[in-house]
Amino acid sequence: MDLASHSTLSGNARGEPGDSARCAESPRITHGLAQRYVSPSIFCVHLLTLKTVVTNSLRASSGERIGDLRTASPATPVQHDKLARPLTIDASEMPANTSHSDEQLVDSFDLRALDADFYVDPYRTFRALRERSPVHRCPDGTVFLTRHRDLVRVYRDPKTFSSDKQAQFKPLFGDSPLYEHHTTSLVFNDPPLHTSVRKAIGDALAPKVIANMEQDLIRLVDRLIANLQGRRRFDLIDDFASVIPIEVIGNLLNIDHGDRVPLRAWSASILGALEFGLDERRRNEGNAAVEEFVAFLKQLISERRNDLSGDDIITRLIRWESNKFKLSEEQIYHQCIFLLNAGHETTTNLIGNAVHALLEHPDAHRHLCENMHLIDLAVEEFLRYDPPVQLGNRITTTDVEFDDIPIAAGTTLTLCIGAANRDPEVFTDPNELDIARKINPQLAFGGGIHACAGMAVARLEARVALEKLLKNFPDLKPDGPSVRAQRARFRGFSALPMRP
Ligand code: HEM
């Protein structure tokens, strides 16, 4: 997937006929990064699987049982440089692999060495962990939580479970643009700084702001649908799902249409650096993306300072003041970068995962098309069934216990939203897609003080996009292999070819 040729609003990545309007290249931006992003072949996937199986059987033969807290030995650092690069998976080609027993899935579970099957269907592994080892010690010493009630406990107690990632990110990113960005973003900060910045972001994403954006969003989706009408085939991610959040965030930040081309590449690279098994190439791409994006935003901020009458998010953050607290220039541009990162891939994945789930469940697809008044319940169910954000993290600030299992202060907890959203303690028939599910305390947007500040924006985008897509293309069908992005934290597709 080459991002360089991506055109907003009226076009798609492959510049297919009928999608002529390409954004004028703006002198303001050097598209250095966009040219470098390509995706590799599937051969490595099998190599990786082979490697994982061999490693785990070697470990098993050495009598070491991974994960089970009763017998865990100290963490065995893994050579990051030996781990797989981000890959894509041809999901429709990969048969569900049932050869691993639940015990093997639990014992071999290592976020830094996941095999191809995991990306096609992580829920089998999550169920095995939730049933057998809900408080799971991973080989790197982190603890993986899979029960709904444990995640709710963590979200509700930000004092004991900190979001401050400075200690965790320093060894990973060193002193770098990525470190500065990720440690300045409000999601990776604790109160009191978090409280002040959250108020500013909350004001910038106030219900009035969202209400005002609905008509623009409807016009945007109508234009995209009109673009797809009459075509024999299209890609749901490139031609539809990924365009919407870029335009929505672009509008909220009031970025010129001509300047929106690199936004997707920047976001993918900065978020890509949060995935497991970070290697030199992704670290360099991430740092370059932050540098380019910051340079671009610094210029925008200095222009907006000359005229503070606007209602866009940048201007609102510049104007924002509360109890003498004002955001610094650095905080303003890093929150803007974070808003794009938080709001782009996530919403793209929500729309893509939802359509994929409907095509895998023809009854639910037909039922929704015939009962579109269920769209809001359906969106909640898509968020529950295949959440775009699968994993979150916290650090314990004191010694704690889960199930009488002691966890020391300073331990990294991984909160598995994907597993918690299918917890039978909370959801009836958790593995069933039920678009009319009424009781649905799904955790796709997290919870507590860090609960997603953009959930209303995401819900609105998904509702308008899905409603119009299903109404205009009721016979939508897959047209060729769906390609899963090989990302554990953010779950979605990098390609979903469709026939209207
Ligand atoms: C389907 C789409 C989305 C999903 C699944 C999602 C999910 C999440 C989750 C799980 C968190 C909490 C992270 C944590 O607890 O560590 C979060 C935080 C956040 N999200 Fe979203 N998000 C989505 C869309 C958006 C959009 C569209 C925006 C902005 C327009 C946005 C802005 C934010 C912000 C600012 C935070 C940080 C809140 C804080 O730390 O106080 N998100 N999101």
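Observations on the model:
- Of all residues in the stretch 154-183, those that are away from the ligand (no atom under 12 Å from the Cβ) and touching a residue at least 60 places away in the same chain (Cβ under 8 Å) total 12.
- Selection count where residues are more than 16 Å from the ligand (Cβ to nearest atom) and touching a residue at least 60 places away in the same chain (Cβ under 8 Å), scope the stretch 215-227: 6
- Only listed residue being in contact (Cβ under 8 Å) with a residue 60 or more places away in the chain, more than 16 Å from the ligand (Cβ to nearest atom) and buried (at least 19 other Cβ atoms within 10 Å of the Cβ), chosen from V106, V135: V135
- Selected residue (criterion: farthest from the ligand (Cβ to nearest atom)) from residues of the stretch 327-352 that are closer than 25 Å to R305 by Cα and open to solvent by less than 10 Å² (accessible area, probe 1.4 Å): I332
- Single residue of the stretch 381-398 satisfying the filter (open to solvent by less than 20 Å² (accessible area, probe 1.4 Å) and either out of contact with any helix residue (DSSP H, G or I) (no Cβ under 6 Å at 6 or more places or on another chain) or in a helix (DSSP H, G or I) (or both)) that is farthest from the ligand (Cβ to nearest atom): T396
- Boolean, I314 is within 30 Å of L496 (Cα to Cα), buried (at least 21 other Cβ atoms within 10 Å of the Cβ) and touching a residue at least 12 places away in the same chain (Cβ under 8 Å): no
- Residues in the stretch 301-320 that are in contact with a helix residue (DSSP H, G or I) (Cβ under 7 Å, 6 or more places away or on another chain) and not in a helix (DSSP H, G or I) were compared, and the one that is nearest to N254 (Cα to Cα) is D312.
- Restricting the stretch 191-214 to residues that are assigned to a loop (DSSP other than H, G, I, E, B) and open to solvent by less than 40 Å² (accessible area, probe 1.4 Å), the residue that is farthest from the ligand (Cβ to nearest atom) is A206.
- Sub-7 Å Cβ pairs linking a first residue in the stretch 437-461 that is buried (at least 20 other Cβ atoms within 10 Å of the Cβ) to a second residue that is polar (S, T, N, Q), at least 6 apart or interchain, are Q442/N421; L443/N421; A444/N421; H450/S163; A458/T346; A458/T347; E461/T347, ordered by first then second residue.
- Any hit, the stretch 353-361, residues being within 13 Å of the ligand (Cβ to nearest atom) and under 26 Å from R489 (Cα atoms): yes
- Checking each residue in the stretch 446-465 for being assigned to a helix (DSSP H, G or I) and within 10 Å of the ligand (Cβ to nearest atom) picks out G448, I449, H450, M455, A456, V457, A458, R459, L460, E461, A462.
- Of all residues in the stretch 250-278, none that is without any contact (Cβ under 8 Å) to a residue 24 or more places away in the chain has its Cβ atom under 8 Å from the Cβ atom of a residue that is among the aliphatic types (A, V, I, L, M) and open to solvent by less than 10 Å² (accessible area, probe 1.4 Å), 6 or more apart or on another chain.
- Just one of the listed residues (L271, L217, L252, L263) is surrounded by fewer than 23 Cβ atoms within 10 Å (Cβ to Cβ) and either within 30 Å of T183 (Cβ to Cβ) or at pLDDT below 95 (or both), and it is L271.
- For the stretch 405-422, filtering for residues that are open to solvent by less than 10 Å² (accessible area, probe 1.4 Å) and away from the ligand (no atom under 16 Å from the Cβ) leaves 1.
- Among the residues of the stretch 261-300, those identified as part of a loop (DSSP other than H, G, I, E, B) and either among the charged types (D, E, K, R) or touching a Pro at 6+ places or on another chain (Cβ under 9 Å) (or both) are E275, G277, D279.
- Being crowded, with 18+ Cβ neighbours inside 10 Å, more than 26 Å from E247 (Cβ to Cβ) and either away from the ligand (no atom under 16 Å from the Cβ) or not aromatic (F, W, Y) (or both) holds for only one residue in F473, F427, and it is F427.
- Output for the stretch 205-229, where each listed residue is among the polar types (S, T, N, Q) and either farther than 30 Å from R499 by Cβ or in contact with a Lys or Arg (Cβ under 9 Å, 6 or more places away or on another chain) (or both): N212, Q215
- Cβ separations smaller than 7 Å between residues 6+ apart or across chains give the following pairs from the stretch 228-244 residues that are part of a helix (DSSP H, G or I) to residues that are surrounded by fewer than 23 Cβ atoms within 10 Å (Cβ to Cβ) and β-branched (V, I, T): V243/T8; I244/V221.
- Evaluated against (1) in a loop (DSSP other than H, G, I, E, B); (2) surrounded by fewer than 23 Cβ atoms within 10 Å (Cβ to Cβ); (3) touching an Asp or Glu at 6+ places or on another chain (Cβ under 9 Å), R487 falls short on exactly one condition, (2).
- Scanning the stretch 430-444 for residues that are touching a helix residue (DSSP H, G or I) at 6+ places or on another chain (Cβ under 8 Å), more than 16 Å from the ligand (Cβ to nearest atom) and of a type outside the set (G, A, S) turns up N431, L433, D434, I435, R437, K438.
- Selection from the stretch 153-176 of residues that are open to solvent by 30 Å² or more (accessible area, probe 1.4 Å) and not in a loop (DSSP other than H, G, I, E, B): R153, Q166, A167, Q168, K170, P171, L172
- Lone unmet requirement of (1) in contact (Cβ under 8 Å) with a residue 60 or more places away in the chain; (2) more than 16 Å from the ligand (Cβ to nearest atom); (3) in a loop (DSSP other than H, G, I, E, B) for K468: (3)
The values are calculated or read from the model by the stated rules, or taken from the named source; none is laboratory data. Note that the structure is a prediction, hence the values are computed from the model and not measured. Don't worry about glycine lacking a Cβ; one is built from the backbone with ideal geometry, like all the others, and counts go over all protein chains shown. Note: areas computed on protein heavy atoms with side chains; ligands, DNA, RNA excluded. Shrake-Rupley method; radii C 1.70, N 1.55, O 1.52, S 1.80 Å.
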